[in-house]
Amino acid sequence: MYRYLFDHWAILHGLMVMVGLAIYVATSHTLHLRRHPSAAVAWVMALVLLPYAVLPLYLMFGIRKVKSYRSAAKRYEMTTRVSNSDVLTVRTQQPAAIMALPAASSYRQLDIHEDGARALQALQNIINGATRTVDLCTFVFSRGGIGDEIAQSLKRRARDGIRVRLLIDGVGAYLGGHPDFKSLSAAGVQVALFVPPLRSSLRGRTNLRNHRKMVIADSECLWCGGRNLANEYFKDDAAALSGNPAWIDLSFDLRGVLALQAQQQFEQDWEFATRGGLPELPINPGSAPGSSIGQLVASGPDQVDDTLYTLLVSGFFLARKNIMVVTPYFVPDPTLLMSLTLAARRGVTVDLLMPKKSNHRLADLARHRALRELTLAGARVWFFPHMLHAKAVVIDDELALVGSANLDERSLFLNYELMVAFYESADVKRFARWIERQQNTAVLYRAHPPRLWQEIAEGLLLWLAFQL
């Protein structure tokens, strides 16, 4: 037997390569899997050289789109259409309509949290003020500190007879130390893990993580942004040990129809995680005349299109006056980077704010090639002295995108992300002022010609960035 395998290894290897490439081509075309060219080349070369090891890895990590929720979402009314003159400029209305995003809807009482203490108080107020339901979705839910504080509130509300559901990413649950799910369930809190890695690997979803952060109460109140439920996103308690202050992050809460749309998105995520059915939701009441207008922008494997990426590229290409970006990690693909550099070259003021040193060393090493191109084009890059975890984009004081997505290829192409687009001029300017206040303590980045080893290291990191 072994002699036969040894004598015919070339034929067997060739057959395995053909099977691997056939699976790669079939999944790429039938599932419409858009890939960065470097990622496509890497998968093909790996399948040719080591098909026995790489094919299982491809089935575990290589598929970045799953069955769309859209057909299920049609079971209830998702949006109320409003006239273009009331809400959107042509630059955002057309891509949004083509991608079938929920229509822009009204909101009120927008509160932008200036710091972690205010964000935590707003979160507790929403949980404690609920009369029927509390639904919480997060990537990390820490054990101890803030996580325990929120867990106690959830358990108390469940004992009060409120329906409480907690949706945590299957990998993120372990990054926070694995919360005490047993005590939560015993108190009546419904807990679900989103794509646990050990139960999803054969379905090609292990590398697709739910990075969305939202808390919805009574389908009326929404708390959202970039904060995970862990100490570093809210308090300085860890400063005594680490010598570092709490991370600077951005979150907000609001009320209105926009919160109902977030509720609908949560229901779809919950259904996917639990394999249950979609419940009957309240009918969308429509937008009240004169209300502030925003739009839910869900991005990720559940969307047919790369929604956020498309809106960013189109917005950058059509920007006329200014672009403000704040992100902890900046590893864009060539098209997104080109849209920003061309904006800077034609006279648009482009400001990118990010931490001098983030919590991901590889992201810090991979960002410099893009930063050099930006500064060469005339953009300004600002380094914040501490960890900055906020994610926001403001274009021409007409559009603000705020939520959970970083400007890297994992967030834009692999993760389930949630952003909110704000079109009310006064509120867009409030987000712009928040960015400006952080920028006041930042220093300008100065690009330096890279050494040869830096060019090689950056190239290797960028080659892997899409899949990692």
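Confirm whether T335 is β-branched (V, I, T), buried (at least 18 other Cβ atoms within 10 Å of the Cβ) and either farther than 22 Å from R430 by Cα or touching a residue at least 12 places away in the same chain (Cβ under 8 Å) (or both). Spelling it out, it is not the case that T335 is β-branched (V, I, T), buried (at least 18 other Cβ atoms within 10 Å of the Cβ) and either farther than 22 Å from R430 by Cα or touching a residue at least 12 places away in the same chain (Cβ under 8 Å) (or both).
Within the stretch 360-414, the residues that satisfy the criterion of being part of a loop (DSSP other than H, G, I, E, B) and buried (at least 22 other Cβ atoms within 10 Å of the Cβ) are R367, A379, H389, A390, K391, S404, A405, N406.
The set of residues from the stretch 160-181 being small (G, A, S) and touching a Ser or Thr at 6+ places or on another chain (Cβ under 9 Å) comprises G170, G172, G176, G177.
Looking at this structure, is S339 of a type outside the set (D, E), modelled with pLDDT of 90 or more and touching an Asp or Glu at 6+ places or on another chain (Cβ under 7 Å)? In short, no. A search for C-beta distances below 7 Å between a residue of the stretch 427-442 that is in contact (Cβ under 8 Å) with a residue 12 or more places away in the chain and assigned by TED's automatic domain parsing to the domain that holds L388 and any residue that is of a type in the set (D, E) and in a loop (DSSP other than H, G, I, E, B), counting only pairs 6+ apart in sequence or on different chains, returns V428/D397; V428/E398; K429/D397; A432/D397.
If you go through the stretch 415-429 and keep only what is modelled with pLDDT of 95 or more and part of a loop (DSSP other than H, G, I, E, B), you end up with nothing. Scanning the stretch 262-295 for residues that are touching a Gly at 6+ places or on another chain (Cβ under 9 Å) and under 18 Å from A103 (Cα atoms), we see that the one that is modelled with the highest pLDDT is G294. Taken over the stretch 126-142, residues that are touching a residue at least 60 places away in the same chain (Cβ under 8 Å), surrounded by fewer than 19 Cβ atoms within 10 Å (Cβ to Cβ) and outside any loop (DSSP other than H, G, I, E, B) amount to 2. Scanning the stretch 362-378 for any residue that is under 27 Å from D115 (Cβ atoms), touching a helix residue (DSSP H, G or I) at 6+ places or on another chain (Cβ under 7 Å) and without any contact (Cβ under 8 Å) to a residue 40 or more places away in the chain turns up nothing.
The values are calculated or read from the model by the stated rules, or taken from the named source; none is laboratory data. Values in this document were obtained by computation on a predicted structure and should not be read as measured data. Virtual Cβ from ideal backbone geometry, glycine too; neighbours counted across all protein chains shown.
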